[in-house]
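Only one structure is covered here, and it is reproduced in the block below.
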Amino acid sequence: MVRLPLTPAQLEAGRRLGAALRAARGDRDLLDVAANAGISPETLRKIESGRLPTPAFGTVVALSRTLGIPLEELADIWQPSVAHRSAS
């Protein structure tokens, strides 16, 4: 099966997600956060930089818990609701 290229909207969503996770990490060490989430530091680095715009759901859940960000908040960052889009 061939994977279709990501759309510009998916790439932008990945950049928003990565930026939000990076901001939430703050001064915490990348290695510590990655270890606590059960992912590799390189995976976290790729997500934060937007080079991995569609991380696995389990990875997002682990980062949500590790960083104390509600999963719904990350979902809104990934795909802003209609209410958020109309308010802009």
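A few remarks follow.
- Qualifying positions in the range 42-84 - out of contact with any helix residue (DSSP H, G or I) (no Cβ under 7 Å at 6 or more places or on another chain) and closer than 16 Å to Glu12 by Cα: Lys46, Arg51, Ala75, Pro80, Ser81
- In the range 11-34, the residues that are within 14 Å of Gly68 (Cα to Cα) form Cβ pairs under 6 Å with partners that are among the acidic types (Asp, Glu), at six or more places apart or across chains, as follows: Leu21/Glu48; Arg22/Glu48.
- Test: residue in the range 78-87 that is surrounded by 14 or more Cβ atoms within 10 Å (Cβ to Cβ), assigned to a helix (DSSP H, G or I), among the hydrophobic types (A, V, I, L, M, F, W, C) and at pLDDT below 95: yes
- Failed item in (1) exposed (fewer than 14 other Cβ atoms within 10 Å of the Cβ); (2) out of contact with any Leu (no Cβ under 9 Å at 6 or more places or on another chain); (3) of a type in the set (D, E, K, R), with Arg16 passing the rest: (1)
- Filter pass, Ile69 being at pLDDT below 95, aliphatic (A, V, I, L, M) and surrounded by 13 or more Cβ atoms within 10 Å (Cβ to Cβ): no
- Selection from the range 35-63 of residues that are loosely packed, with under 14 Cβ neighbours inside 10 Å and at positive phi: Gly38
The values are calculated or read from the model by the stated rules, or taken from the named source; none is laboratory data. Since this is a predicted model, take the numbers as computed values, not measurements. So basically every Cβ, Gly included, is an ideal-geometry build from the backbone, and we count neighbours across all protein chains shown.
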